[in-house]
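Everything below concerns the one structure shown next.
The values are calculated or read from the model by the stated rules, or taken from the named source; none is laboratory data. Quick caveat: nothing in here was measured; it's all calculated off a predicted structure. Here the Cβ positions follow ideal geometry from the backbone for every residue, glycine too, while neighbour counts run over all protein chains shown.
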Amino acid sequence: WPLHFQQVWGNDRSRAFWLSHMRPVGAFLFGNRSWTPNIRAESNFLHHVILGCSDALGGVAQFPGTLNALGASRGALVQMKQRAQLFSSRQLQPALPTGIWEPDLACVYEDEDGGAYRYYANDQVHRMVGPDGRAIYERVTGLSSFATELNLPGWPAADADGLIGLNPDVRYALVQGSDEKPAVQLSALPPGSMISRFYGDDRFTLLAVAPVGEAAAAAGAITAIANFPVRAVTLDDAAVQAPAWPQGAVASEPVTWQAQSLPARMVFAHTEPEAPAWGEFFASDIARTKWVDAQSGMDAGDRPPRDLTRRYEVPGEGEVLFYFLNGGGEAEVIFDYLVTPPAGEAVLEVFTLNTQDTHGNGSIGRLYINGRMVHEHDFGPKQVEGDGGTQWDLDMHRWRVPVRVEPGVPVLVSIASDSKESNNADMQWWSAPRFIEGPLEEEYVRFVDGEAVAE
């Protein structure tokens, strides 16, 4: 069992050790095939555990048979699906030659025509090499850049040598094909920096660049082109130059922006922002729900949204329409709003409520402005001192935060639910945000018996 259900036995440290040290001893001695279950594995890291352990042990190519997994266009599930297709179409079987292996050679497979597939694994790179000597898929971690012929679906940053801007603490799964062009394509980043968040839709692209460790630069240049027209760009809430789009061109001219500090956050507006009036809840389109990987900050791919709404009584407001924002697993589930605040002193207001009081571990609610998290709250059960029990947060919450931008500058407002890698029965509800006039002060309260108290 410890060698076949890795996401249950051991801890993350031991699992990371297994990924580079497992060898197919059982397959060599007894001719069996390892089966690594794919249940209880909702995080990006555990997806890599399944892939790495199965590859190293001479395992079969399992894949979760869910609609979300089958439709995945980002993350490790893309590689898991392609791996299953490879093993099935070429009928790969462990073929373990006797003798002294290369130190990083973890397993050898053979296809139906006798072609050899070699799987290499060390602490940073896992690579399956085909009969032609070229990589079929790779998994990397602990690196900020990586030279490769393969693609990282959705990744926006590369130079002449390969991928740049990787987060050394994140595991990435690379595959053949998938040559899609991101809306914004980066060719230079500040030294020692990484991309901590990148996603968008037809309305906007969000980019966040963060330092890697204490040796990273405190500021620096960001260079990019746009593959889709851009109407406006903000850098840390201030308007900056938008990429020029020459007539007849298929992409913009490159532009370099100077980030005065890190982290730096950029919003590229591709369409005209909405302009809600004072007190008007922003227009919400459930079809625009996004799933963003909680570890990498990357778009986790489209999934069928849950079209559930309900009206709840909000003290002082009456009934307000709420949206069901749950089911992310390894990803935050996000509603984004590209808006222009009304002229004046604008305060952003949103209401959120958890209605789960029995099952699971609850979720974390988060509010972002231009990719910067301004507030979060864990709605999961808390230990009650004295009696050893737990208490759920079932109160209505109201969050208010000032929005300070120049008139006419677009703002990206995002509300998000993080399931903490467990979707079990989460029930987090959100109102749409709105702008209100009021004192420019942050306020995060919950309503207890109809009265607002500090959260």
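Of the strands (runs of 3 or more DSSP E) contained entirely in the stretch 158-222, not one carries at least 1 residues that are modelled with pLDDT under 95, in the same structural domain as R83 (by TED's automatic domain parsing) and surrounded by fewer than 18 Cβ atoms within 10 Å (Cβ to Cβ). Of the residues that sit in the stretch 101-113 and are within 18 Å of G31 (Cβ to Cβ) and surrounded by fewer than 20 Cβ atoms within 10 Å (Cβ to Cβ), which one is nearest to the chain's Cα centre (by Cα)? If we take residues in the stretch 101-113 being within 18 Å of G31 (Cβ to Cβ) and surrounded by fewer than 20 Cβ atoms within 10 Å (Cβ to Cβ), then V108 is nearest to the chain's Cα centre (by Cα).
Look through the stretch 373-398, keep the residues that are loosely packed, with under 15 Cβ neighbours inside 10 Å and among the β-branched types (V, I, T), and return whichever of them is nearest to the chain's Cα centre (by Cα). Looking at the filtered set, the residue picked out is T390. Per this entry, A69 is not counted among residues that are of a type in the set (A, V, I, L, M) and touching a Gly at 6+ places or on another chain (Cβ under 9 Å). Within the stretch 62-88, residues that are assigned to a helix (DSSP H, G or I) reach partners that are charged (D, E, K, R) with beta carbons closer than 7 Å, at six or more positions or on different chains, in the pairs N68/R303.
When Q258 is evaluated against the numbered criteria (1) in a loop (DSSP other than H, G, I, E, B); (2) surrounded by fewer than 20 Cβ atoms within 10 Å (Cβ to Cβ); (3) at pLDDT 95 or above, which criterion, by number, is the only one it fails? The single condition Q258 does not satisfy is (1).
Determine whether G130 is on the phi > 0 side of the Ramachandran plot, surrounded by 13 or more Cβ atoms within 10 Å (Cβ to Cβ) and either aliphatic (A, V, I, L, M) or in contact (Cβ under 8 Å) with a residue 12 or more places away in the chain (or both). Steps first, please.
Values: on the phi > 0 side of the Ramachandran plot: no; surrounded by 13 or more Cβ atoms within 10 Å (Cβ to Cβ): yes; either aliphatic (A, V, I, L, M) or in contact (Cβ under 8 Å) with a residue 12 or more places away in the chain (or both): yes.
Against the criterion (on the phi > 0 side of the Ramachandran plot, surrounded by 13 or more Cβ atoms within 10 Å (Cβ to Cβ) and either aliphatic (A, V, I, L, M) or in contact (Cβ under 8 Å) with a residue 12 or more places away in the chain (or both)), G130 does not qualify.
When G65, G71, G52 are checked against the criterion of being under 27 Å from the mean Cα position of the chain (by Cα) and closer than 19 Å to V140 by Cβ, G52 stands alone in meeting it.
Give the stretch 419-455 a look and list any residue that's acidic (D, E), closer than 14 Å to V333 by Cα and either out of contact with any Asp or Glu (no Cβ under 6 Å at 6 or more places or on another chain) or at pLDDT 95 or above (or both), or say none. Spell out how you get there, then give the answer.
Step one: filter the stretch 419-455 for residues acidic (D, E), giving 421, 426, 437, 441-443, 449, 451, 455.
Subsequent filtering for residues that are closer than 14 Å to V333 by Cα retains 421, 426.
D426, the sole residue that qualifies.
Here the condition is being farther than 23 Å from V49 by Cα and among the hydrophobic types (A, V, I, L, M, F, W, C); of I136, I164, it holds for I164 alone.
If you go through the stretch 323-372 and keep only what is part of a strand (DSSP E or B), more than 24 Å from W278 (Cα to Cα) and over 16 Å from the mean Cα position of the chain (by Cα), you end up with F324, N354. Of note, G380 satisfies the criterion of being of a type in the set (G, A, S) and assigned to a loop (DSSP other than H, G, I, E, B).
With respect to (1) touching a strand residue (DSSP E or B) at 6+ places or on another chain (Cβ under 6 Å); (2) touching a residue at least 60 places away in the same chain (Cβ under 8 Å); (3) hydroxyl-bearing (S, T, Y), the lone exception for S252 is condition (2). Assessment of the stretch 282-302 against the conditions (modelled with pLDDT of 95 or more, among the aromatic types (F, W, Y), in a loop (DSSP other than H, G, I, E, B) and out of contact with any helix residue (DSSP H, G or I) (no Cβ under 6 Å at 6 or more places or on another chain)) yields at least one matching residue. The C-beta contact set for the stretch 146-162 (first residue under 22 Å from P254 (Cα atoms) and without any contact (Cβ under 8 Å) to a residue 24 or more places away in the chain, second residue assigned to a loop (DSSP other than H, G, I, E, B) and aliphatic (A, V, I, L, M), distance under 8 angstrom, 6+ apart or interchain) comprises D161/A147; G162/A147. Based on what the data block shows, is R33 of a type outside the set (D, E), in a loop (DSSP other than H, G, I, E, B) and at pLDDT below 85? Answer is yes for this residue. The set of residues from the stretch 263-295 being closer than 30 Å to E421 by Cβ and more than 20 Å from the chain's Cα centre (by Cα) comprises F282, S284, D285.
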